[in-house]
Amino acid sequence: MKTEAETTTSTDAAMIALCAEYRAVLDRYDAGEGPDGKGLWDDVMRLRNRLEEWEPQTIEGVVALARIAMHEAQQPDGSENFGDSFTGAWPELVVRGVLRVAGRAQMGRGVGG
């Protein structure tokens, strides 16, 4: 089965692939994999910093960020917490991405619609 990045030809394809890489590295870190968690944490932060600078231009890009935000919000007990201590800037990035993409679609309409 192809990944989301492999099936999209959008301008956001490279960053969507980076989202998948980020999630895989984060999952390995959370699972305690690797001889040195510090090395994995450095990888997590390097990828996070790159993604937090990204401004998605397509709905596929916004969805990729939304999936990261949801993943970060999931707690070990199955609940979700979107507080910034768990999700950082991801919810804000998603909201800004939605408004950016929707703003182009609405051609100058105000934020309120």
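What are the residues in the stretch 40-91 that are within 11 Å of the chain's Cα centre (by Cα) and among the aliphatic types (A, V, I, L, M), if any?
Leu47, Leu51, Val62, Val63, Ala64, Leu65, Ala66, Ile68, Ala69, Met70, Ala89, listed by residue number.
Take the stretch 48-65 and flag every residue that is more than 20 Å from Phe82 (Cα to Cα) and of a type in the set (A, V, I, L, M).
Ile59, the sole residue that qualifies.
Tell me yes or no: at least one residue of the stretch 47-69 is exposed (fewer than 12 other Cβ atoms within 10 Å of the Cβ), modelled with pLDDT under 90 and assigned to a helix (DSSP H, G or I).
no
If I filter the stretch 1-18 down to residues being at pLDDT below 60 and not in a helix (DSSP H, G or I), which single residue comes out as nearest to Arg67 (Cα to Cα)? Step through it out loud before you land on a result.
Looking only at the stretch 1-18, we keep the residues that are at pLDDT below 60, and these are 1-8.
Then drop every residue that is not not in a helix (DSSP H, G or I), which leaves 1-3, 8.
Details: Met1: 18, Lys2: 17, Thr3: 14, Thr8: 16 Å.
Going through the qualifying residues, I end up with Thr3.
Pull out all pairs, ordered by first then second residue, where Cβ-Cβ is under 6 Å, the residues are six or more apart or on different chains, the first lies in the stretch 54-78 and is free of Cβ contacts under 8 Å to residues at least 40 places away in the same chain, and the second is of a type in the set (D, E, K, R).
Ala73/Glu80; Gln74/Glu80
Tally up the residues in the stretch 35-46 that are surrounded by 13 or more Cβ atoms within 10 Å (Cβ to Cβ), within 13 Å of Glu21 (Cα to Cα) and either among the hydrophobic types (A, V, I, L, M, F, W, C) or out of contact with any Lys or Arg (no Cβ under 9 Å at 6 or more places or on another chain) (or both), please.
So the count comes out to 2.
For the stretch 70-107, which residues satisfy the criterion of being exposed (fewer than 12 other Cβ atoms within 10 Å of the Cβ) and assigned to a loop (DSSP other than H, G, I, E, B)?
Hits for the stretch 70-107 are Gln75, Pro76, Asp77, Gly78, Ser79, Gly83, Met107.
The values are calculated or read from the model by the stated rules, or taken from the named source; none is laboratory data. Predicted model, so just to flag it, every value in this text is computed and none were measured. Cβ coordinates were reconstructed from backbone atoms using ideal geometry, including for glycine residues, and neighbour counts include every protein chain displayed.
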